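Please treat every number below as a calculation from the coordinates, not as lab data. These numbers come from a predicted model, not from an experiment. Glycine gets a Cβ as well: all are built from the backbone with ideal geometry, and neighbour counts include every protein chain shown.
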Amino acid sequence: MAQIDIRNVQKFFGAHQVLKNLNLTIEDGEFVVMLGQSGGGKTTALRAIAGLETVTSGQILIDGKEVQDRKAADRDIAFVFQSFSLYPHMTVRENIAFPLRAVRMNAAERDKAVKEVAETLQIAEHLDRKPSALSGGDMQRVAIGRALVRRPQALLMDEPLGVLDSKLREQMRAEIKRLHIARGSTSVYVTHDQIEAMSLADRIVILHDGVLQQVGPPDEVYLHPQNLFVAKFVGSPVMNVTPVRIDANRVALNGAETGFEFPETALSNLRNVNSELSLGIRPEAVLLKHEKTEGYVEVVTTNIEPLGSHDIVDVQLGGTSLRARTASGFVSGEGQRVWVGLDPSQAHFFDTATGLNLRGAN
Amino acid sequence: MANITLQGISKKFGPNTALRGLDLEIKDGEFFVLLGQTGAGKTTTLRIIAGLEKPDAGKVLIDGQDATAWNAAERDVALVLQQYSLYPRLTVRGNLEFPLKSRTQNFTPEQIKERVDRVAETLQITRLLDRKVERLSGGEMQRVSIGRAIVREPRVFLMDEPLSALDANLRDVLRVELKKLHSDLGATFVFVTHDQVEAMSMGDKVGVLNHGKLVQVGTPTEIYSKPCNTFVARSVGTPPMNLLDGTLQAGNAVLDAGKFTLPVTSPHGPEGGRVSFGIRPEDVVLDENGPATGKVFDVENHGVIKILTLDINGTHLHATVSAQVKVQIDQTVKFSWKPEKVLFFDQQTGRNLGLD
């Protein structure tokens with residue numbers, strides 16, 4: 001159990017700055033997921049917490065104590081990597097017990113701790129096998145077991161499911177979450193996969209170019225993205241983002257003749273903005289109808305992706321392509337005439353130049 | 001443009017059998033997706049069509065002609081791989097020109113320029129033509145690879161997981177572009193993937209491969225709603241179709257898990273008989289008055305929807321619900337299903353009993 005506090009942390013690799021004034025408090029028992037593209041700084045941040053990387057300046061506190069100058073071994077933190085990094089010549093039992101040998105625990109206690117963690121992770125029947133005889137999922141379970149066996153203050157995981165196939169990844173995701181609930185240890189998890197982040201996190205931390213973009217619970221990040229990077233990184237398919245102009249009470253897409261009527265409350269604080277505006281709207285807020293409808297604009301479908309449970313339908317409006325999420329089979333094919341409308345309550349407006357969300361959706 | 005027919009193709013690599021009597025028919029101009037896990041035989045199938053691999057038995061027909069003995073060049077097919085394999089020292093233009101400059105082709109410099117310019121325009125890489133490929137992003141490199149395949153105007157395009165190395169957003173974009181390219185060129189596309197979303201969203205037809213055999217061929221909608229067996233049922237859809245063992249009693253489904261009785265609209269299989277009930281996660285409904293009870297084991301938030309894992313005495317079941325539904329882990333919920341959506345599978349063979 002531990003609270004982790006990151007204060008004004010800067011990190012340079014040579015002239016390249018990978019963490020830019022990072023501030024973040026991770027509460028005791030919280031599951032925090034750091035999300036971003038490769039090169040965004042998330043792994044560096046994790047390694048800095050673990051003590052596998054020094055920081056150029058700033059403080060890292062664990063339960064109020066500064067640890068940035070302490071060695072990894074003195075921080076009482078466990079780390080799980082994407083590559084399983086098990087000892088191939090040892091059995092599963094010996095691999096899990098390994099960290100306990102270092103702390104000179106007696107054999108009986110050690111066996112008990114190993115057995116308990118193996119049972120939690122459902123690998124008790126593999127204890128006497130070598131890692132090479134295990135599946136990828138079981139190997140990662142062993143790696144997690146080895147990390148948990150000495151009851152560390154915090155568990156750090158760097159893309160632990162990255163090499164597993166998608167079905168196993170889904171299953172392991174649920175297991176990691178259950179494990180977190182059962183053990184209650186503070187967990188920090190790094191991934192580039194937004195679905196993993198949305199599914200696992202109490203709070204998501206989004207990093208891009210070494211800068212913290214947004215911190216919040218999954219729903220907040222999805223419904224109220226603070227900037228264009230977050231808006232486009234979270235959600236699949238990606239949020240539609242397109243330049244617009246405001247004409248009286250209408251929002252007009254570039255190259256389209258008619259605009260969409262929006263309530264005054266949605267537009268009032270946009271009228272004084274002098275910069276270029278971009279509309280951000282998720283596919284589920286782009287609404288399609290078969291018949292002419294007040295406030296909707298006539299368009300032609302250009303692409304259908306039937307996904308079974310639902311379809312993603314692309315429509316062309318002026319020079320802009322919009323993606324809509326519909327019931328499956330709602331539109332029968334390409335080149336069909338439909339009417340498109342937008343749900344103002346789910347629309348976002350961004351400053352095109354700075355990317356900042358000018359008014360979060362309600 | 002070409003029809004491709006495979007007849008009874010078998011292929012072994014040492015002791016491993018990659019393909020077992022594979023029959024496959026791909027129509028001229030079709031976008032055909034081969035879907036399968038690693039080791040299912042999809043890449044081997046593609047390489048046999050390309051002429052890069054010789055089958056141990058069986059025939060490859062291109063437009064009705066026996067092409068089994070033809071070499072890769074004679075087959076006039078183009079292959080795009082997951083790895084870009086471009087010439088790093090050449091510019092984009094140099095890479096695109098390369099296939100046209102081979103000695104077997106007789107193009108004038110003007111013809112070459114015209115073709116390269118046209119292809120670059122189609123793929124929106126005109127502004128990159130004078131750049132070295134090593135300075136391109138992944139998505140740009142894959143466009144150049146596709147461009148190099150198109151420029152020869154081959155009869156067939158073969159693509160082996162061309163989008164797998166790209167990040168998710170770029171994959172979404174290129175998926176749409178590839179489909180558009182297919183409809184512009186009107187050529188036969190054979191696309192290999194392990195990603196069911198790609199298969200569903202791109203294919204005119206999807207062929208599901210398992211252990212070197214073709215299990216089912218159909219439109220994406222057929223594969224999704226009328227799978228011929230439990231393997232196909234679980235190959236498409238995220239999360240995959242729920243399969244619940246039970247018995248048919250008086251026109252109802254009685255589940256082994258929890259002994260719950262749920263209604264079905266058109267039962268298939270013998271009365272009192274053992275079957276597997278197949279129900280997609282989006283057809284499981286949370287309902288206060290529902291006949292079945294489960295405990296929430298996991299909640300996955302996907303923004304637009306939530307995927308719940310329900311636990312019934314150790315049996316797990318997925319349910320897709322709206323993002324607005326509020327549920328907590330370990331909460332007990334009542335549920336039902338859409339009776340008209342239930343499929344019936346033979347517990348032993350996995351066969352879909354409703355298709356007999």
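Worth pointing out:
- Where labels lie 7 Å past Cα in the beta-carbon direction, separation of B:Thr104 and A:Glu125 in nm: 5.4
- Stokes-Einstein diffusion of the range A:4-225 at 25 °C, 0.890 mPa s viscosity, Kirkwood radius from Cα pairs, rounded to a whole number: 137 µm²/s.
- Chain A: angle of helix A:136-148 to the longest principal axis, Cα-based, in degrees nearest 10: 60
- Result for chain B in a Gaussian network model with C-alpha springs under 10 Å: among B:Arg118, B:Arg280, B:Arg143, the largest mean-square fluctuation is at B:Arg118.
- In plain terms, the bigger the Kirkwood radius, the slower the diffusion; for the protein assembly as shown, with that radius from Cα pairs, at 37 °C and 0.692 mPa s, Stokes-Einstein puts D at 115 µm²/s.
- Normalised by residue number, the volume inside the convex hull of the Cα atoms of the range A:240-359 is 101 Å³ per residue.
- Helix B:138-150 vs. chain B, principal-axis angle (Cα, 0 to 90°, nearest 10): 60
- Within the shell defined by Cβ-Cβ distances under 13 Å, the residues around A:Leu46 carry a net charge of +1, with Lys and Arg each +1 and Asp and Glu each -1.
- Efficiency of FRET from Cβ geometry, B:Asp23 and B:Ala73, R₀ 30 Å, rounded to 0.05: 0.70
- Rounded to the nearest 10 degrees, the inclination of helix A:166-183 to the longest alpha-carbon principal axis of chain A is 60 degrees.
- Lys/Arg +1, Asp/Glu -1 at C-beta; the protein assembly as shown dipole; positive extreme among B:Pro162, B:Trp337, A:Ile77: A:Ile77
- Cβ charges +1 (Lys, Arg) and -1 (Asp, Glu), total dipole of the range B:1-56, debye: 260
- Label-point separation, A:Arg183 to A:Lys232 (7 Å along Cα→Cβ), nm: 3.7
- Cβ-based net charge around A:Leu24, under 10 Å, with every Lys or Arg adding one and every Asp or Glu removing one: +1
- Of A:Phe13, A:Phe98, the sequence from fewest to most neighbouring Cβ atoms within 10 angstrom is A:Phe13, A:Phe98.
- The spread of Cα positions in chain B, taken along each principal axis and listed from longest to shortest, comes to 75, 46, 35 Å.
- In percent, rounded to a whole number, the relative contact order of chain B is 16, using alpha-carbon pairs under 8 Å and six or more apart.
- Here the calculated FRET efficiency for A:Met90 and B:Gln331, from their Cβ-Cβ distance with R0 = 30 Å, stands at 0.15, rounded to the nearest 0.05.
- Helix-derived mean residue ellipticity, 222 nm - over the protein assembly as shown, DSSP H n ≥ 4, -39500 (n - 2.57), to 500: -7000 deg cm²/dmol
- Stretched out straight at 0.36 nm per residue, the stretch from A:His224 to A:Thr265 would grow longer than its current Cα-Cα span by 13.1 nm.
- Set of the range A:225-239 residues, backbone N closer than 16 Å to the point 7 Å along the Cα-Cβ line of A:Lys20: A:227-230
- Chain A - share of DSSP beta bridges that are antiparallel (%, nearest 5): 75
- Annotation: Cα Rg of the range B:37-147 relative to the compact-globule expectation 2.2 N^0.38 Å equals 1.25.
- Sorting B:315-322, A:201-208 by their mean Cβ neighbour count within 10 Å, with the most densely packed peptide first, gives A:201-208, B:315-322.
- Among B:Trp337, A:Trp339, sorting on how many other beta-carbon atoms sit within 10 Å of each Cβ, with the fewest leading, yields A:Trp339, B:Trp337.
- Taking label points 7 Å from Cα along the Cα-to-Cβ direction, A:Val273 and B:Lys341 give a separation of 3.8 nm.
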